[in-house]
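S.K.: Got a structure here, written out as structure tokens. Questions coming.
The values are calculated or read from the model by the stated rules, or taken from the named source; none is laboratory data. Note that the structure is predicted; figures quoted are calculated from it, not measured. All Cβ positions, even for glycine, are placed from backbone atoms using ideal geometry, and neighbour counts span all protein chains on display. The area values use the complete protein model at the heavy-atom level, side chains included, leaving out ligands, DNA and RNA. Shrake-Rupley method; radii C 1.70, N 1.55, O 1.52, S 1.80 Å.
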Amino acid sequence: MAPYNGPREPPSPLPKPGEVVRHDMRSKEQRSAARKGRSTPSKQGDAERGQTLRVATWNIERGYKLDAVIEEMRAIDADVIAVQV
């Protein structure tokens, strides 16, 4: 697991109400590895097992721009999506 480096800076400028915002919380190394089709194991042995679980959480803010949210969730292609309303 990546070390905790404190809270991240909020996006700038802040999103408008109802705006769809996508933020990848992985490290630069993890994003780069994912683009190249390989994983960055958090524990020794994870890479050998080839087990990757993509989890996304989404606050749909009372259903604003629901079609855009659904489209983005499909694009994320996570194995598990937790939706908060």
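S.K.: Take P3 and decide whether it is modelled with pLDDT of 75 or more and either in contact with a His (Cβ under 6 Å, 6 or more places away or on another chain) or assigned to a loop (DSSP other than H, G, I, E, B) (or both).
M.R.: Details: modelled with pLDDT of 75 or more: yes; either in contact with a His (Cβ under 6 Å, 6 or more places away or on another chain) or assigned to a loop (DSSP other than H, G, I, E, B) (or both): yes.
Against the criterion (modelled with pLDDT of 75 or more and either in contact with a His (Cβ under 6 Å, 6 or more places away or on another chain) or assigned to a loop (DSSP other than H, G, I, E, B) (or both)), P3 qualifies.
S.K.: Filter the stretch 42-85 for residues that are open to solvent by less than 100 Å² (accessible area, probe 1.4 Å), part of a loop (DSSP other than H, G, I, E, B) and under 18 Å from V21 (Cα atoms); which is modelled with the highest pLDDT?
M.R.: A78
S.K.: Could you check G37 against (1) modelled with pLDDT of 85 or more; (2) part of a loop (DSSP other than H, G, I, E, B); (3) surrounded by fewer than 12 Cβ atoms within 10 Å (Cβ to Cβ); (4) not hydroxyl-bearing (S, T, Y) and say which number it fails?
M.R.: Unmet condition: (1).
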